[in-house]
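Novice: Have a look at this one before I ask anything.
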Amino acid sequence: MAGRVGAATLVASLCPVALAGCGDTGEATTGRPGWSQPNANHASTRAVPGPAAPGIVAPLRVRWRFRLRGEPGFSGIDAATPVVSNGRVYLQDLNSDVYALSLADGHMLWHHRYGRPDGGPNGVAVADGVVYGNTDTSAFALSARTGVERWRTRLSRRGNPVTIAPLVANGLVYTSSTGQAPGGRGTLYALDARTGAVRWRFDTIVGPWRFPREASGGGAWHPPSVDVDGHVYWGTANPYPWGGSRTRPNGGMYPGPVRHTDSLLVLDGRTGELLWSDQVTPHDVRDYDFQLPPLLIADMVVGAGKAGRVIAWDRSTGALLWETVVGVRRNARGPLPTRPVTVCPGLLGGVETPMASAAGRVFVPVVDLCFRESAYGSGGLRFYRTDYSKGTGELVALDASSGRRLWTRRFRSPTFGCATVAGEVVYTSTYDGRIFGLATSDGSIVARARMRAGINACPAVAGGTLLVGAGADHPAFPAPVFELVAYAIPGT
């Protein structure tokens, strides 16, 4: 461990003006509560002010429901975080369609259809009266008032999808392609927010692929974060294909460390120049993306991903400050054997969805779901056959200054629902349709609800309302009801 962040510096991170976006909801001109970026603000803290934790368990009261009627795919129909601005809720489904709803009662104001499924997680951002998002191939901007398209910019081609929710900061829209198609290379983009013109692009793969007809990957699945100096912090994905093949086992189609896959990258937001980077998993054969939005806390950046490793760096120097391992681990390092073995975290395990940060703590949603994998890529073949309901979940609270584990709350179902903080309560959801509010102090359950479908999306909070989408199939729901539900937060 290279060092520790001092207590005085950490306390500064709790002030709403201490960081770019550390409470930036995009509503400064109106005073109306909002959640305008996919992870609430430019620092990706997924935290907003709210009430004290109730002393008893309080059921969440439904304010309204909005049915999602699109055609579900492998990941369902909804995997995004809704955003809120000026009394409106904006949601993108997994067909790339965008909805604008009234925050007060949930009635639909407009619906812009794209009909471009991409696997997600998808999502939109709002800034200056414009809704920004992506289809599978293009970035777009819509009027927040009417839903009319202002511009659309082609970034990729079919088979190499754009699946990320964008982040908007300093007049730029930050987004990424995944680089999934054979020979594909993940690319980070900055677009002009007014015109959609590409201001810069950054290739996440250093040097040519050795076997371009087989190797691919390295893009970003989740939005970056931006600090007060305009530096952009990205987490990147793994190289493909998982494991390897009979002729090229253990990632033989992409020999070497494969920079900058599974990495934290810090770029100059204006130019795209690489300032510094750190690769968390060189030559990854287990699909261990370091994909999550980095948290900006005081002078630290904290990242995590599917390897189940939560890591903090000094933002100025890039020095490692601490690392904490979460979740079940088995056969998690080194080459894979030719015979399938149980690997934990598996292909959908570890820290799968975004973390949150508040009050000097980092809240980490963990999925404990193991896969059978081998040097020949058998884990990938089983990806679509696995019963994800057999996994379990956790929410872990860490001390932000040291990475020390403070408490752990375990769940019977995978925690695919991110972490979201409102005041003294951290909310999350599980794949079996359950919503939990936990006291940030000790992890005790203080709020509950049950939805009518599986949950593969993330909550947002605005105006005393908790917004949760249930858009995934789950064995517990033979006739699932896919919907976005608004709940009244106890104490508001």
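Novice: I need the full set of residues from region 412-460 which are assigned to a loop (DSSP other than H, G, I, E, B), open to solvent by less than 20 Å² (accessible area, probe 1.4 Å), modelled with pLDDT of 95 or more and of a type in the set (Gly, Ala, Ser), in order please.
Specialist: Ser413, Ala419, Gly433, Gly443, Ala453, Ala457
Novice: Right, here's the next one. If a residue must be among the hydrophobic types (A, V, I, L, M, F, W, C) and either over 24 Å from Trp200 (Cβ atoms) or open to solvent by 20 Å² or more (accessible area, probe 1.4 Å) (or both), how many such residues does region 110-126 contain?
Specialist: Here the count works out to 1.
Novice: Kindly indicate which of Leu94, Leu101 is out of contact with any helix residue (DSSP H, G or I) (no Cβ under 6 Å at 6 or more places or on another chain), crowded, with 20+ Cβ neighbours inside 10 Å and in a loop (DSSP other than H, G, I, E, B). Spell out how you get there, then give the answer.
Specialist: Values: Leu101 fails: in a loop (DSSP other than H, G, I, E, B).
Answer to the check: Leu94.
Novice: Test Leu398 against the stated conditions and say whether it is surrounded by 18 or more Cβ atoms within 10 Å (Cβ to Cβ), modelled with pLDDT under 95 and under 30 Å from Leu274 (Cβ atoms). Break it down into steps so the answer makes sense when it comes.
Specialist: Values: surrounded by 18 or more Cβ atoms within 10 Å (Cβ to Cβ): yes; modelled with pLDDT under 95: no; under 30 Å from Leu274 (Cβ atoms): yes.
The answer is no for Leu398.
Novice: Answer yes or no as to whether Thr271 is over 23 Å from Trp209 (Cα atoms), more than 20 Å from the chain's Cα centre (by Cα) and assigned to a loop (DSSP other than H, G, I, E, B).
Specialist: Numbers: over 23 Å from Trp209 (Cα atoms): yes; more than 20 Å from the chain's Cα centre (by Cα): yes; assigned to a loop (DSSP other than H, G, I, E, B): yes.
Against the criterion (over 23 Å from Trp209 (Cα atoms), more than 20 Å from the chain's Cα centre (by Cα) and assigned to a loop (DSSP other than H, G, I, E, B)), Thr271 qualifies.
Novice: Give the residue, chosen from Thr338, Thr342, that is in a strand (DSSP E or B) and either without any contact (Cβ under 8 Å) to a residue 12 or more places away in the chain or open to solvent by 20 Å² or more (accessible area, probe 1.4 Å) (or both).
Specialist: Details: Thr338 fails: in a strand (DSSP E or B).
Matching residue, one of Thr338, Thr342: Thr342.
One line per residue, one yes/no per condition, for (1) open to solvent by 10 Å² or more (accessible area, probe 1.4 Å); (2) under 14 Å from Arg270 (Cα atoms):
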site	(1), (2)
Arg152	yes, no
Gly183	yes, no
Ala190	no, yes
Val198	yes, yes
Gly235	no, no
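Novice: Which condition breaks for His222 when tested against (1) at pLDDT below 95; (2) within 22 Å of Lys306 (Cβ to Cβ)?
Specialist: Checking His222 against (1) at pLDDT below 95; (2) within 22 Å of Lys306 (Cβ to Cβ), the one that fails is (1).
Novice: I'm checking my understanding of the structure. Among residues of region 254-305 that are among the β-branched types (Val, Ile, Thr) and open to solvent by less than 10 Å² (accessible area, probe 1.4 Å), which one is farthest from Glu373 (Cα to Cα)?
Specialist: Looking only at region 254-305, we keep the residues that are among the β-branched types (Val, Ile, Thr), and these are 258, 261, 266, 271, 280-281, 285, 297, 301-302.
Those still in the list that are open to solvent by less than 10 Å² (accessible area, probe 1.4 Å) too: 261, 266, 285, 297, 301-302.
Working: Thr261: 20, Val266: 32, Val285: 10, Ile297: 36, Val301: 32, Val302: 29 Å.
Among those residues, the one meeting the criterion is Ile297.
Novice: Mind telling me which of the residues Pro166, Pro161 ends up being within 19 Å of Gly123 (Cα to Cα), at pLDDT 95 or above and open to solvent by less than 30 Å² (accessible area, probe 1.4 Å)?
Specialist: Working: Pro161 fails: at pLDDT 95 or above.
Step by step, each of Pro166, Pro161 is checked, and only Pro166 is within 19 Å of Gly123 (Cα to Cα), at pLDDT 95 or above and open to solvent by less than 30 Å² (accessible area, probe 1.4 Å).
Novice: Does Arg210 qualify as being basic (Lys, Arg), within 22 Å of Asp289 (Cα to Cα) and open to solvent by 10 Å² or more (accessible area, probe 1.4 Å)?
Specialist: Numbers: basic (Lys, Arg): yes; within 22 Å of Asp289 (Cα to Cα): yes; open to solvent by 10 Å² or more (accessible area, probe 1.4 Å): yes.
Yes; evaluated as a whole, the condition is true for this residue.
For (1) part of a loop (DSSP other than H, G, I, E, B); (2) more than 26 Å from His111 (Cα to Cα); (3) touching a Lys or Arg at 6+ places or on another chain (Cβ under 8 Å), each residue gets a yes or a no:
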residue: Arg152; (1), (2), (3): no, no, no
residue: Ile164; (1), (2), (3): yes, no, no
residue: Ala181; (1), (2), (3): yes, yes, yes
residue: Leu191; (1), (2), (3): no, no, yes
residue: Gly196; (1), (2), (3): yes, no, yes
residue: Trp209; (1), (2), (3): yes, yes, yes
residue: Pro212; (1), (2), (3): yes, yes, no
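Novice: When you check Ala141 against the structure, is it open to solvent by 10 Å² or more (accessible area, probe 1.4 Å) and not aromatic (Phe, Trp, Tyr), yes or no? Write out each step before concluding.
Specialist: Details: open to solvent by 10 Å² or more (accessible area, probe 1.4 Å): no; not aromatic (Phe, Trp, Tyr): yes.
Spelling it out, it is not the case that Ala141 is open to solvent by 10 Å² or more (accessible area, probe 1.4 Å) and not aromatic (Phe, Trp, Tyr).
Novice: Quick check on this structure: which one of Thr392, Thr353, Thr342 is closer than 20 Å to Thr236 by Cα and among the polar types (S, T, N, Q)? Walk me through it before giving the result.
Specialist: Numbers: Thr392 fails: closer than 20 Å to Thr236 by Cα; Thr342 fails: closer than 20 Å to Thr236 by Cα.
After ruling out the rest, the residue left standing is Thr353.
Novice: Okay, moving on. So how many residues does region 214-238 have that are under 22 Å from Thr137 (Cβ atoms) and either part of a strand (DSSP E or B) or among the aliphatic types (A, V, I, L, M) (or both)?
Specialist: Number satisfying all stated conditions: 6.
Novice: Between a first residue in region 305-333 that is in contact (Cβ under 8 Å) with a residue 60 or more places away in the chain and a second residue that is acidic (Asp, Glu) and in a strand (DSSP E or B), which pairs have beta carbons less than 9 Å apart while being 6 or more apart in sequence or on different chains?
Specialist: Partner pairs satisfying both residue conditions: Val310/Glu323; Ala312/Glu323; Leu320/Asp278; Leu320/Asp314; Leu321/Asp314; Val326/Glu394; Gly327/Asp368; Gly327/Glu394.
The values are calculated or read from the model by the stated rules, or taken from the named source; none is laboratory data. These numbers were taken from a predicted model, which means no experiment stands behind them. Using ideal geometry, Cβ is built from the backbone for each residue, glycine included, and neighbour counts are taken over all protein chains shown. Side chains are part of the model used for accessible areas, which takes the heavy atoms of the whole protein and leaves out ligands, DNA and RNA. Shrake-Rupley method; radii C 1.70, N 1.55, O 1.52, S 1.80 Å.
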